Structure formats: structure tokens, C-alpha cells
Amino acid sequence: MKRIPLILLITLTCFTANAQNIMLPAKTVETLLCKKWQSHYATLGGKKITPQPGTEMVSAEFKRNKTFIVSDDEAVENGHGTWYYDQKRKLITLTIGGEKRMNIISLTKDQLIFTVIPGEGLPSDVADIKVVCKPKR
């Protein structure tokens with residue numbers, strides 16, 4: 001199994017916190033989500049954390065068949081999984097290897113915000129991290 005960069009795990013963990021923000025029809029979610037996104041910055045406790053020079057940025061490409069691929073700056077695949085829009089909970093859940101890893105809590109044409117779902121081996125405060133992504137150009 002390929003090693004997933006820490007920022008990916010943090011990013012995946014952030015998708016579960018504060019998950020009541022996506023109030024869109026399923027077709028609109030698919031239209032907005034299905035493209036390439038790149039991490040831009042994160043927040044922890046409301047404080048903005050910008051990447052340091054040389055930090056590997058994580059990209060994710062979401063597809064209409066409800067799958068996604070995560071890669072690094074050199075387009076090396078670090079993981080893949082499935083996504084599911086839960087209209088009742090108003091969030092998008094990302095699953096990798098059969099485990100729920102992240103929740104997308106906000107989605108617009110210009111920005112995606114996700115939280116990581118705390119899992120085994122991750123500190124509980126990782127759920128307080130929100131990762132902001134922008135469309136990859």
C-alpha cells in the first residue's frame with residue numbers, strides 16, 4: 001500500500017467536522033465537485049495555516065462515476081476512493097479502502113472545504129482542521 005502523505009490524512013480527517021453546509025441538489029453537487037482540486041491552506045481553531053515553501057501540495061480529482069484520485073505535485077497517485085453526497089447530513093463523504101476518511105463540508109464553484117475524520121493513530125483534535133481547496137489550474 002502506498003504511503004499517504006500526512007497532509008492527505010489531515011485533509012481527509014477534516015471532512016467530518018461542521019458538516020451542515022452543502023444545501024444543493026445532487027446534480028449541482030456533481031457539476032461543482034467533478035474536476036481537479038488542489039489544497040490551498042488549512043485552518044486550525046480558526047487560525048489560518050499556509051503551506052511552507054517546499055511543502056508538497058495535495059490534489060484530488062473527482063469523477064462523475066463517484067470515484068476520486070488523490071495525488072501529489074508530481075501527479076503521483078497517493079490514494080483513491082469513492083465519494084457520496086448525503087443530502088440529509090448535507091455533506092460529501094470520502095471513503096478510501098472501505099473506511100470513511102474525510103467529509104467535504106462546503107462546496108462552491110471556487111472553493112471546497114473538507115475535514116478529516118479522526119481514525120486510529122490520529123489525534124482527536126485533527127477533526128478541528130479544515131482544509132481549503134481551490135480548482136487546480
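The values are calculated or read from the model by the stated rules, or taken from the named source; none is laboratory data. These numbers were taken from a predicted model, which means no experiment stands behind them. Positions of Cβ are generated from backbone atoms using ideal geometry, with glycine treated the same way; all protein chains shown enter the neighbour counts.
Overview of values
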| quantity | calculated |
| --- | --- |
| Residue in region 117-128 that is in a strand (DSSP E or B), crowded, with 16+ Cβ neighbours inside 10 Å and out of contact with any helix residue (DSSP H, G or I) (no Cβ under 6 Å at 6 or more places or on another chain) present | no |
| Answer residue from region 75-112, given it is in a strand (DSSP E or B) and among the charged types (D, E, K, R) and is surrounded by the most Cβ atoms within 10 Å (Cβ to Cβ) among those | Arg101 |
| Flag for Lys90 being under 16 Å from the mean Cα position of the chain (by Cα) and under 19 Å from Val116 (Cβ atoms) | yes |
| Scope region 54-65; condition surrounded by 14 or more Cβ atoms within 10 Å (Cβ to Cβ), modelled with pLDDT of 95 or more and in contact with an Asp or Glu (Cβ under 9 Å, 6 or more places away or on another chain); matching residues | Phe62 |
| Residue tally, condition outside any loop (DSSP other than H, G, I, E, B) and either among the aliphatic types (A, V, I, L, M) or surrounded by 15 or more Cβ atoms within 10 Å (Cβ to Cβ) (or both), over region 22-35 | 5 |
| Hits in region 36-58 - residues which are part of a loop (DSSP other than H, G, I, E, B), of a type in the set (Gly, Ala, Ser) and in contact (Cβ under 8 Å) with a residue 40 or more places away in the chain | Gly45 |
| Options Pro5, Pro51; residue that is modelled with pLDDT under 90 and either under 20 Å from Ile96 (Cα atoms) or exposed (fewer than 10 other Cβ atoms within 10 Å of the Cβ) (or both) | Pro5 |
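Residue-wise test of (1) of a type in the set (D, E, K, R); (2) closer than 16 Å to Phe68 by Cβ; (3) in contact with a His (Cβ under 7 Å, 6 or more places away or on another chain); (4) in contact (Cβ under 8 Å) with a residue 12 or more places away in the chain.
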residue	(1), (2), (3), (4)
Ile92	no, yes, no, yes
Gly98	no, yes, no, no
Asn103	no, yes, no, yes
Ser106	no, no, no, yes
Asp110	yes, no, no, yes
Phe114	no, yes, no, yes
Gly119	no, no, no, yes
Pro123	no, no, no, no
Val132	no, no, yes, yes
